[in-house]
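Enquirer: Questions regarding the structure given below will be posed in turn.
The values are calculated or read from the model by the stated rules, or taken from the named source; none is laboratory data. The structure presented is a predicted model; accordingly, all values stated were derived computationally and were not measured. Positions of Cβ are backbone-derived with ideal geometry, glycine not excepted, and every protein chain shown enters the neighbour counts. Calculation scope for accessible area: heavy atoms of the full protein, side chains included, ligands and nucleic acids excluded. Shrake-Rupley method; radii C 1.70, N 1.55, O 1.52, S 1.80 Å.
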Amino acid sequence: MLDLGFTKSLSEFTLYLRKINDELLMVSLYVDDLLVTGSNMEQIDVFKREMKNVFEMTDLGKMTFFLGMKV
């Protein structure tokens, strides 16, 4: 993730951040699950395309559960 312009959070080891201009993209990585959020939907879509070019992945849409917890 670091080669995609992300920096690892110093306070949360599963959190990666990418800031482009004033737009922030946050990715939480846990085993084989990613939680993606940010201030710009276009940046989120770009990230998902970048990941799909490298990994086989499924976009489950808006989050309803994460790590067994209902959101």
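Enquirer: Mind sorting out which of [x] 33, 29, 21; [y] 72, 24, 13; [z] 53, 20, 16 is the real Cα extents along the principal axes in Å computed from the coordinates?
Expert: [x]
Enquirer: Then there is this: All other residues with a Cβ under 13 Å from the Cβ of residue 9 taken together, and with Lys, Arg as +1 and Asp, Glu as -1, what is their net charge?
Expert: +2
Enquirer: Once both labels are modelled 7 Å past Cα along the beta-carbon direction, what's the residue 37-residue 23 spacing in nm?
Expert: It is 1.9 nm.
Enquirer: Further, regarding this structure: Residue by residue through the stretch 48-53, which ³J(HN,Hα) values in whole Hz follow from phi under the Karplus form 6.51 cos²θ - 1.76 cosθ + 1.60 (θ = phi - 60°), with glycine and proline marked x?
Expert: Once rounded to whole Hz, the list reads 4, 5, 4, 5, 5, 6.
Enquirer: Another question about this same structure. Amide H to amide H under 5 Å from residue 38: which residues, 5+ apart in sequence or cross-chain, H placed 1.01 Å off N in plane?
Expert: Excluding prolines and chain starts, which carry no amide H, the hits are 26.
Enquirer: Could you size up the charge dipole of the chain around its Cα centre, putting +1 on the beta carbon of Lys and Arg and -1 on that of Asp and Glu, and report it in debye to the nearest 20?
Expert: Rounded to the nearest 20 debye, it is 140 debye.
Enquirer: How many lysine pairs in the stretch 1-62, separated by 8 or more positions in sequence or lying on different chains, have Cα atoms less than 18 Å apart?
Expert: 4
Enquirer: Quick one: pull the percent of accessible area on the chain belonging to carbon and sulfur, 1.4 Å probe, ligands and nucleic acids left out.
Expert: Values: 3150 of 5680 Å².
Using a 1.4 Å probe with all protein chains present, the chain comes out at 55 percent carbon and sulfur.
Enquirer: Give me the accessible area per residue for the chain, probe 1.4 Å, as a whole number in Å².
Expert: 80 Å²
Enquirer: Per residue of the stretch 15-20, what does 6.51 cos²θ - 1.76 cosθ + 1.60 with θ = phi - 60° give for ³J(HN,Hα)? Whole Hz please, x for Gly and Pro, Karplus curve as stated.
Expert: 9, 10, 10, 9, 10, 10
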